[in-house]
Amino acid sequence: KKCTLLFGQIFIFYTFAAKIIISMKKIIILVLMFISTIGIYSQSIRIDHVDNQGFRLIQTTEKNFSDLGSYQKMSVSLMSISKDSYNKILINICLQDSKPFKLEAGKSLLLKTKDNFIELFANPSVTSDTSSITIYPDIRTKIYISGVSFDVTEEQLNSICQGVSKLRLEMSLENYDRDFPTNKFSKVIKKDYELIKESLKGKKSFYDGYE
């Protein structure tokens, strides 16, 4: 009887363990599918708009850089404002954190390249105020979000595309530092730049599609 009871308990234990393993496999498969989807759609043209003055705004989708289990996240996109021979390129950075912070116009963005470092300055006309959202109301967790855009020349952009190993974003209370051992940041910027240049090959007007 004791043996029967023991084997019965062992059977129940392994049945329970098998169910957990199957559930975990399903979760892993779903996560991998989600990650692969992000990989497919993460970099593309998000906005391509021409106003009635002839200025064309092109912006790529945001690419997220985050650490698992951390509320501190950074997202990056590239933006182009052009008209005739005029073309301005900006690097957009959006930061979110569980601690209050502020990204301000005129603050610096330091990028360590292969040969030197590049310092960019936040554009005063493209800086958003810090906003907050509440998640998990039961424990009252707040996430603070702010965005800023940095003017970048074509020469600087080409240097950035060659490789960036470290970033420092100047903030009001505490600087934001991030390392890129695999040049992930520069790869994203390079792809975004290629997407924008390809889009600019096609002409676009405010009156397109209007009949």
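The values are calculated or read from the model by the stated rules, or taken from the named source; none is laboratory data. Fair warning: this is a prediction, and the values are worked out from it, not measured in the lab. No Cβ is skipped: glycine too gets one built from the backbone with ideal geometry, and neighbour counts run over all protein chains shown. Just the protein is used for accessible areas: all its heavy atoms, side chains included, with ligands, DNA and RNA removed. Shrake-Rupley method; radii C 1.70, N 1.55, O 1.52, S 1.80 Å.
Heavy atoms of the protein only, probe of 1.4 Å, neighbouring chains included. What is the accessible area of Arg46 in Å², nearest 10?
150
Would you rank Lys114, Lys204 by solvent-accessible area, highest first, keeping every protein chain in place and using a 1.4 Å probe?
Numbers: Lys114 145, Lys204 90 Å².
The ordering from most to least exposed comes out as Lys114, Lys204.
Straight-line reach from Lys166: which aspartates and glutamates have a Cα under 16 Å away, not including same-chain ones fewer than 8 places off?
Answer for Lys166, where 16 Å is the Cα cut-off: Asp67, Asp115, Glu119, Asp177, Asp179, listed by chain and number.
Quick one: accessible surface of Thr153, probe radius 1.4 Å, all protein chains present, in square angstrom to the nearest 10.
70
Sorted by accessible area with a 1.4 angstrom probe, largest first, how do Asp48, Asp177 fall?
Values: Asp48 45, Asp177 70 Å².
Largest to smallest exposure gives the sequence Asp177, Asp48.
Which stretch or stretches of segment 179-193 have amide N atoms under 19 Å from the point lying 7 Å from Lys114's Cα along the Cα→Cβ direction?
Flagged as within label range: 180-193.
Order Tyr144, Tyr193, most accessible first, counting only protein heavy atoms with a 1.4 angstrom probe. Kindly include the intermediate steps, with their values, before the conclusion.
Numbers: Tyr144 50, Tyr193 20 Å².
Descending accessible area places them as Tyr144, Tyr193.
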